[in-house]
Every structure is written in C-alpha cells, then in structure tokens.
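The structure appears right after this line, and notes come after that.
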Amino acid sequence: MTAPVRHLLRYCRKHKVLVTIVVVLFMAGLLRYLWKMGDFEVYFAAGTRFLLGARIHPTEVNAFTYPTAAALLFAPLALLGHAVAKCLFYTISFVMLLVGIGITNRSVLGPSGETDRVRMLVCFAAVLFSLRYFLAAFANQQTDLIIFGLVNVGIYLYQVNSNKTFIAWSFPVILKANPLFMILWPIYEGRWRVASGMLILVAVMIFLPDLLRYLIEPGDLSAQLILPASVIAREGGIGQKIFVLIPIADVPFTYFREYVSLTFSSTGHSWWEDSGNPLGQSLTRILLFLVPVKLNGNVVFLLLCVVFSVALLVLVRQASGSGNLFIIGILFYSAFVLIGPHSSKPHFIVIYGLLLYCFQHLAKNFKIARLLFLCVIGTLLGFTSSGFLGEYANQTALYGHIGLATLALWVYTYVLVLNGRDCRKDKPLK
C-alpha cells in the first residue's frame, strides 16, 4: 500500500464525521447534477465533433468558445457515452474542489494544531461567503472547479520551487483564460523554466488538434448530433440539445484558424464589454457601464491589465519573501478573473482563498472595523442572489456588485500582503 493511500485512510479514520458529510454531499450533488441542464453537453459535443472530424466552433446559440485543445481534452469523455461521461466529469470537478480547498487551507492556515476551533471558524466563514460560487460552477456544469484545483496545485508546486508548476497552470489556461496572469509571476521572479515551459506547453496544446486530426477517421456527418439535456428526467421528460455537424475544411491549421476567427470576428467595443451578458461581473464591463462617457472596450481592458500587472510586480518585489507566497499566487489568479471580459459567477470561486486569508488575519489581529468590513463584503458576495433579493438581484448585478466587492477584497488582501502580514505567525486570538 502506497504512502498517499495510507495517509488517506488514516485521515478518513480520524475524521469520520467530516468524511461522511463529504460523501453525502457528493451523492446529493451528483443526483442534482444528472437532473439539471448545463454546459456539459457543449463540452461533450466539442469532444465528439473532434472525434468525427467536424468543425468545433460553428456559430450556434451556445457555441463552444474555448480553444480547440479544450475539446481535445474532452474527447476521451466523449468515448464513454453521455451518462458515464457526465458522472465522471462531476466526480473530477468534485475531487478538484476538495483538492483546491485542502491545499488552500493548509497553505494559508498552516497544519492543524492547538487552534483548531479558530481554524474551523475561519474556514466556515470563508466557505459561507464563497459557497454561492462553488454551487454556481456545479449548477452551470462548467470547468471552473477543475481550474480552481489545478491552479492551486500549481501555486503549491511553485512555492516549493518545483519546475513542474507549468504543467498544472497550462491546462487551466487551455480550459479558460482566467488563470492567464499566472505566467507573470515566474516572469517577475526570473523563473524562466516555469514561464517558458508554460508558454511551450500551451502553444503545443493549441496546435495539437491540427496535428492529430489527420489520425482521426471522419465519421458520419450527414445527421445532427442530438444529446439528452439531462440524464435524470425532469418535468416533461428528458429534453434534447441539438448540435450541427459540419466537416472541417481541409486546409493547414484549420482548427486554429477557426478558433481565431471565432474569437476576433467581432473585435471592438462590444467584444470586451460582452454586451450579450449585461450581468457579467468583469471590471471591464462594469466600468463601461458605470462611466457616463463612451469608452473603447479594448482600451479599458488593456488599461486594467497594465494597472493590475504593475500592482502585482510591486507586490512581488516587496513581499515575495514574507511567507505569503500562496496568497500572492491567489492574487495573480483573481486579478484576471476580475478584469477578464466574460467573468461570470462560477469564475469567482477564487475568492475562497482571499476570504480565508482575510478572516485568518482577523482572527489573529481582531478589530471591529475589520470584522464589519469583511461581513459587508461577504454579504455582498454570498447573499445577493435571487433567492435573497428576488427581482432586485439582477439590478444589483447590472451595477457590478460582485465584481466591485471582489475588487475591494482584492485590494484589502493586497495591502495586507504588501505589509508582510503572514497570518500564520501573527498574534493568535485569545
């Protein structure tokens, strides 16, 4: 029996109640996952299209807007059949959520010790105010939970000086652009093996579908791809999602050309503003909405990139040796979530690490003003859904309350880290 397995078994025996709760949550979540409709079918269809030699990015209502390499990652799931693939995707997402939370807890709070009661309160507060975003990722059946886990694994590897970090960060970039700023960190610190490894691996994965498509035997593209909208029947039965099958053009780098055409075909103000989703929580969209004068969306986005990049460079120069390497990584990750053009609720699972760090700092350095600030921010983030605000939820989202509250939390965390506050070494709460 290997050491990791023995460690896992010891942990399960020691924390029987916690493990039981996790198992119950897993099973309940799986049933709901199989009953709800979401984006999984879009991923499944992309993988199936690749295996059939069809276009992956045709124009349709719910288009696959991610790099073709992401479809390549879903191709093995497509071979398993829809129901099995959906169960496996949920299981991977759930496991990566636990991995991400476990690494974050250990890196921010340190190993469990005599202050377990305070530790539990800190974790509870962080989970309470960020739970909405974990549930949103499950409800929408998106890849954000996998990205969350992989990015945190990469941050952990980075802080122990492992050059394998680039592997953990490259796959999330292929799935979504949210972790794109992670490459700035090794560049700022001169860790060129990590930075170059990430660049090379991402480039290889981007062009890999065009190299592998010659090994794919074209399938029957005369019919549409019809997938069930759910596995467990909803009211009125199981609906269907229909995807067109169009042969891919027989030209060099056709998949790459298709993705570039999709991404840049509507460049301009509306592209970065994401006018099709006025409730998006990107700072780019929020600023364009709030500022009374008309601005160019590309310029706003690029300016935000510059501002956050400079701020993170200052942070690395001033605080890289303060013992806060993990939370610095979270600040890099969350920066692009804040300014990216299509930031929706599932993307904001990144706030868990920020909340955990801030509540740990509060526990070690208690002040009423800090408590009030975190409670206000936490309430804005965690309790402003339609279940609490009803019809007013969309109105608050239109004004960007999630993005602005996350920005306030990001700045607060940034200042704490810049001042060298290692919460594991601060004065404990009496």
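The values are calculated or read from the model by the stated rules, or taken from the named source; none is laboratory data. For clarity, every value in this text was computed on a predicted model and none was experimentally measured. Glycine gets a Cβ as well: all are built from the backbone with ideal geometry, and neighbour counts include every protein chain shown. SASA here: full protein model, heavy atoms, side chains in, ligands and nucleic acids out. Shrake-Rupley method; radii C 1.70, N 1.55, O 1.52, S 1.80 Å.
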With angles folded into 0 to 90 degrees, how steeply does helix 144-159 sit against the dominant principal axis of the chain? Use alpha carbons for both and round to 10.
50 degrees
For the pairs Lys16/Lys241; Lys16/Lys164; Lys294/Lys345, note any where the Cα-Cα span goes beyond 31 Å.
Lys16/Lys241; Lys16/Lys164
Counting Lys and Arg as +1 and Asp and Glu as -1, what is the net charge of the other residues whose Cβ lies under 12 Å from the Cβ of His82?
+1
Between helix 68-78 and the chain: long-axis angle, C-alpha atoms, 0 to 90°, nearest 10:
80 degrees
Between the range 26-83 and the range 283-304, what's the alpha-carbon centroid distance in Å?
33 Å
Computed over the Cα atoms of the range 154-253, what is the ratio Rg over Rh, Rh following Kirkwood?
1.17
Helix-only estimate, please: 222 nm mean residue ellipticity of the chain, summing -39500 (n - 2.57) across DSSP H runs of length 4 or more and dividing by its residues, to the nearest 500.
-21000 deg cm²/dmol
Report the rotationally averaged projected area of the range 284-345 based on its alpha-carbon convex hull, in square nanometres.
4.9 nm²
Packing-based order for 176-182, 138-144, using average beta carbon neighbours within 10 Å, highest first
176-182, 138-144
Pair Val127, Asn163: separation of 7 Å Cα→Cβ label points (nm):
3.9 nm
Can you compute the modelled spin-label distance between Val307 and Asn419, with each label point 7 Å from Cα toward Cβ, in nm?
2.2 nm
Tell me the angle of helix 351-364 to the major Cα principal axis of the chain, expressed in degrees between 0 and 90 and rounded to the nearest ten.
10 degrees
Taking a crude spin-label model, label points 7 Å out from Cα along the C-beta direction, the Leu398 to Ile246 distance in nm is 3.4 nm
Calculated FRET efficiency for the pair Arg317/Leu212, C-beta based, R₀ 30 Å, to 0.05
0.10
Rank by packing, highest mean first: peptides 163-174, 397-408, with packing defined as the count of other Cβ atoms within 10 Å averaged across residues.
163-174, 397-408
Sorted by accessible area (1.4 Å probe), largest first, how do Asp220, Asp250 line up?
Asp250, Asp220
Cβ-based charge dipole, the range 211-268, positive-most Cα from Tyr214, Leu262, Ile226
Leu262
Sequence ranges 333-339, 122-128, ranked by mean other-Cβ count within 10 angstrom, highest first:
333-339, 122-128
Around Thr143, what is the net charge, scoring Lys/Arg as +1 and Asp/Glu as -1 over all other residues with Cβ under 9 Å from its Cβ?
-1
Measure out, as a whole number of angstrom, how far apart the alpha-carbon centroids of the range 219-240 and the range 117-182 sit.
31 Å
